[in-house]
Amino acid sequence: MIEVFEDAFLDPGEGPDPVRTARLRHRFTRSMETDAGGAWVVEQDGVVVGVGTALLRGPLWILSLLAVRSTAHGGGHGRTLMRRTLEYGERSRGFMLCASSHSAALHVYASHGFRLLPTLAARGPVDRSRLPAVGPGVRPGGPEDLELCAVVDDAVRGGARSVDIEAMIERGAQLFVSERPRGYALVQDGRCYAVSAEDEATARALLWTIIASAADDGGAASVEWITAEQQWAVEVVVAAGLRLAPDGPVCVRGETGPLRPWLPNGALL
């Protein structure tokens, strides 16, 4: 299944990335532990050519992965996988996924009733002279802060995902938290993996903390899935000097939380 993912999403000429492969294996292992019923594959001539994995987190259904080998495109496999993973979440209240810009995949999501929310991504080196002083309210966090994260996610996303945050920490992500007002953020190797907070001021402070940590780790930062509702994030990344570009949409259906202030995780939202 790792090979299917890489074949579907690597840029032409880009070789396998051992770090990404290790992270994918960790993701699949955890998905099978928590949501084996939401994992499906498509075989063609005895070879796995597609994979879809869905997660149930309280009232929310999350599409963690849907990938089809490039050599098997056009065979309806993506639609079949989408139907199977949705059946796993038939009792869910809200449905969410982060999509690539692949046109066939976008058609599948739209045809299944998802609203497609366009997004931006911000990437680039961090100029330390642009970094503001971060207030004392933000501190490094750990597994002991999972309850705080759950309270924030219930209010912002419409459902908690403590098992996923714990898995990301185990994988090496750094958790930052704010207690008053409450909020949290996850970062690894300069990449923002989540921001969720009770107000925009807290979300700003958390995002600046992530960007500052990226500068400490090597000088480059990446912030993805910035929807139109997250202008606070646009203002931060522009002030940090990162480059903005269009990204794939966030897709939602049914009843979720307000999804702001919020930056999702591509695989776990």
query = When the chain is modelled as a GNM with alpha-carbon springs shorter than 10 Å, which of A240, A194, A36 fluctuates the most?
reply = A36
task = Among the trypsin sites (Lys or Arg not before Pro) in region 87-130, which ones are in a DSSP loop with at most 10 other Cβ atoms within 10 Å of the Cβ? Mind listing them?
result = R91
task = For a footprinting-style exposure proxy, rank L244, L206 by other Cβ within 10 Å, fewest first.
result = L244, L206
request  = Evaluate E = 1/(1 + (r/R0)^6) for E255 and R84, where r is the Cβ-Cβ distance and R0 equals 22 Å; express this FRET efficiency to the nearest 0.05.
outcome  = 0.45
query = Candidates [x] 52, 39, 38; [y] 66, 62, 34; [z] 58, 42, 31; which is the computed Cα extents along the principal axes in Å?
reply = [z]
note = Beyond 25 Å, the calculated P(r) of region 135-269 holds a percent of Cα-Cα pairs equal to 17
key: Helical contribution to [θ] at 222 nm, DSSP H n ≥ 4, -39,500 (n - 2.57), averaged over the chain, rounded to 500   = -11000 deg cm²/dmol
note = Most exposed to least, judged by fewest other Cβ atoms within 10 Å, S31, S178 sort to S31, S178
task = Tell me the label-point distance for the pair E144, A239, using the 7 Å Cα-to-Cβ offset, in nm and rounded to one decimal.
result = 3.1
ask   = Which cross-chain or sequence-distant (5 or more) residues have an amide H under 5 Å from the amide H of Q44, H modelled 1.01 Å from N in plane?
value = V49
query = Within a Cβ distance under 12 Å of I226, other residues only, what is the Lys/Arg minus Asp/Glu net charge?
reply = -2
query = Which of the helices in the chain meet the span-like rule: DSSP H, Cα axial reach of 18 Å or more, Kyte-Doolittle mean at least -1.0?
reply = 200-217
inquiry  = If I build a Gaussian network model for the chain, linking alpha-carbon pairs within less than 10 angstrom, which residue out of V238, V126, V47 has the largest mean-square fluctuation?
reply    = V47
ask   = Given labels modelled 7 Å from the Cα in the Cβ direction, how far is it in nm from A220 to S111?
value = 3.7
remark   = The local net charge around R139, scoring Lys/Arg +1 and Asp/Glu -1 for residues other than R139 whose Cβ lies under 14 Å from its Cβ, equals -1
Local electrostatic count, T256, Cβ distance below 14 Å [Lys/Arg +1, Asp/Glu -1] = +3
message = Along the Cα→Cβ direction, 7 angstrom out, place labels at D199 and V134. What is the inter-label distance in nm?
response = 2.0
inquiry  = Restricting to Cα pairs below 8 Å that are 6+ residues apart, what does the relative contact order work out to for region 121-245? Please round to a whole percent.
reply    = 35
task = Work out the FRET efficiency for A104 and A228 from their Cβ-Cβ distance, taking R0 = 22 Å, and round it to the nearest 0.05.
result = 0.35
task = May I ask you to derive the relative contact order of the chain, considering only C-alpha pairs under 8 Å and at least 6 residues apart, and to give it as an integer percent?
result = 23
task = Taking each pair of different alpha-carbon atoms in region 101-188 once, compute 1/r for the pair, average those values, and report the inverse of that mean as the Kirkwood hydrodynamic radius in Å to one decimal.
result = 15.9
ask   = Of D127, D189, D45, how do they rank once you tally other Cβ atoms within 10 Å and put the fewest first?
value = D45, D127, D189
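Bear in mind that the values in this text are calculations on the coordinates, not laboratory data. What you see is a predicted model; the values in this text were computed from it and never measured. Neighbour counts are summed over all protein chains in view; Cβ atoms, including those assigned to glycine, are modelled from backbone coordinates with ideal geometry.
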